[in-house]
Amino acid sequence: MRAILPPWTDPDPVLHARLGDVIDPDRKVLAALERITPLSGKRIADVGTGIGHYPMLLARHTGRTYGIESQPELLEAARIRAGEAHQPNIRIVEGEPEALPLRDGAVDVVLHGLIEADDACLPAIAEALRVLRPGGRLIVMGYYGRDDVGALLDPEVVSQAHDATQRRTGWWLQHDFKIKVVHARLDLHDEATAQELLIRLYGDRGRTFLAAPHRTSLELKLGLYHRARP
């Protein structure tokens, strides 16, 4: 989940695979997606797919699923995973958020991990809406905050998440998005994995967290910011 990763995080397929194991291990995001819009048989595009985490999870329930990625290392890893899974309805393709390799109205749902609460992302939102059929839904997966994981993140990231999700003045509501909060968790029960990931991603904050008594499961609140194409 790129929403809680520092901007300097390496496009390392092994790192992304390990993160897929520890972030939301209970798959509460998938359940929340189904409550926003039924996914069975739908055509889905996952923008910023990384190593294809969500296409792999969704493939057995959806129609055609496109995993779209621009980082070469992650793109190659996603293609290998999709090939090994023998799921004929997965397509891993190269593309940028502002130039998606899909025709107008090609999909029913766009999942997006690269849009942030910033006007600089408005072109990416317009592009995502372009590839949706009328009535289709754009769902941005991001960080909501107000949780345990916030102690590991840059204070500016936490503050921006808080401001963007204010009920009257927040960026998401001002841009016609609805907000669904997912009460997920970060699983740190394996101490070696916790040591590696937290220090690698969060540096001194990770070291400080690990040096003190800590829980092996941290509350992680994710936001699904969604709007329909008219």
> If D10 satisfies every condition in (1) among the acidic types (D, E); (2) at pLDDT 95 or above; (3) surrounded by fewer than 19 Cβ atoms within 10 Å (Cβ to Cβ) but one, which is the exception?
Replying inline: (2)
> From the list E98, E69, which one is touching a Gly at 6+ places or on another chain (Cβ under 8 Å) and closer than 24 Å to I125 by Cβ?
Replying inline: E69
> Any idea which of L57, L122, L74, L111 is crowded, with 19+ Cβ neighbours inside 10 Å, out of contact with any strand residue (DSSP E or B) (no Cβ under 9 Å at 6 or more places or on another chain) and under 29 Å from V158 (Cα atoms)?
Replying inline: L74
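Search the range 154-194 for residues being of a type in the set (A, V, I, L, M, F, W, C) and without any contact (Cβ under 8 Å) to a residue 12 or more places away in the chain, and hand back the single one that is nearest to A32 (Cα to Cα).
Of all residues in the range 154-194, those of a type in the set (A, V, I, L, M, F, W, C) come to 157-158, 161, 164, 171-173, 177, 179, 181-182, 184, 186, 188, 192, 194.
Of the ones still in play, those that are also without any contact (Cβ under 8 Å) to a residue 12 or more places away in the chain are 173, 192.
Values: L173: 19, A192: 30 Å.
Filtering the range 154-194 for residues that are of a type in the set (A, V, I, L, M, F, W, C) and without any contact (Cβ under 8 Å) to a residue 12 or more places away in the chain, the one nearest to A32 (Cα to Cα) comes out as L173.
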>> I need the full set of residues from the range 156-202 which are β-branched (V, I, T), part of a strand (DSSP E or B) and more than 23 Å from T9 (Cβ to Cβ), in order please.
In response: I179, V181
> Quick one: what pairs do we get from the range 127-142, first residue in contact (Cβ under 8 Å) with a residue 24 or more places away in the chain, second among the acidic types (D, E), C-beta under 8 Å, 6+ apart or different chains?
Replying inline: E127/E98; R130/D104; V131/D104; L132/D108; R133/D108; G136/D108; R137/D108; G142/E116
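Any chance the range 77-95 includes a residue that's surrounded by fewer than 19 Cβ atoms within 10 Å (Cβ to Cβ), touching a Gly at 6+ places or on another chain (Cβ under 6 Å) and in a loop (DSSP other than H, G, I, E, B)?
Pass one, the range 77-95, residues surrounded by fewer than 19 Cβ atoms within 10 Å (Cβ to Cβ): 80, 83-89, 91, 93-94.
Filter once more, keeping what is touching a Gly at 6+ places or on another chain (Cβ under 6 Å): none.
So far as the range 77-95 goes, no, none of its residues is surrounded by fewer than 19 Cβ atoms within 10 Å (Cβ to Cβ), touching a Gly at 6+ places or on another chain (Cβ under 6 Å) and in a loop (DSSP other than H, G, I, E, B).
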> When residues of the range 29-62 are filtered for being touching a residue at least 40 places away in the same chain (Cβ under 8 Å) and not aromatic (F, W, Y), how many remain?
Replying inline: 17
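Do you know which of the residues in the range 203-222 that are among the basic types (K, R) and not in a helix (DSSP H, G or I) is surrounded by the most Cβ atoms within 10 Å (Cβ to Cβ)? Talk me through it step by step, then tell me what you get.
Of all residues in the range 203-222, those among the basic types (K, R) come to 205, 207, 215, 221.
Going one step further and asking which of them are not in a helix (DSSP H, G or I), we end up with 215, 221.
Details: R215: 11, K221: 19.
Applying the filter and picking the extreme gives K221.
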>> Please pick out the residue among A124, A78, A120 that is of a type outside the set (S, T, Y) and under 19 Å from P13 (Cβ atoms).
In response: A78
> Take the residues of the range 147-161 that are of a type outside the set (A, V, I, L, M) and under 18 Å from the mean Cα position of the chain (by Cα): which is farthest from L222 (Cα to Cα)?
Replying inline: Q160
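What tally of residues in the range 50-71 results from selecting those that are of a type in the set (V, I, T), outside any strand (DSSP E or B) and out of contact with any helix residue (DSSP H, G or I) (no Cβ under 6 Å at 6 or more places or on another chain)?
Here is the first cut: in the range 50-71, the residues of a type in the set (V, I, T) are 51, 62, 65, 68.
Subset that is outside any strand (DSSP E or B): 51, 62.
Adding the requirement that they be out of contact with any helix residue (DSSP H, G or I) (no Cβ under 6 Å at 6 or more places or on another chain) leaves 62.
Of the residues in that region, 1 qualify.
For the range 190-220: of the residues being touching a strand residue (DSSP E or B) at 6+ places or on another chain (Cβ under 7 Å) and not hydrophobic (A, V, I, L, M, F, W, C), which is nearest to G150 (Cα to Cα)?
Looking at the filtered set, the residue picked out is E219.
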> Just one of I51, I44, I4 is at pLDDT below 95, crowded, with 21+ Cβ neighbours inside 10 Å and in contact with a Leu (Cβ under 8 Å, 6 or more places away or on another chain); which is it?
Replying inline: I4
> Out of the residues in the range 199-230 that are touching a Lys or Arg at 6+ places or on another chain (Cβ under 8 Å) and aliphatic (A, V, I, L, M), which is nearest to D118 (Cα to Cα)?
Replying inline: L224
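The values are calculated or read from the model by the stated rules, or taken from the named source; none is laboratory data. Keep in mind the model is a prediction, meaning the values are calculated, not measured. Ideal geometry is used to build each Cβ from the backbone, glycine not excepted, and the neighbour counts take in all protein chains shown.
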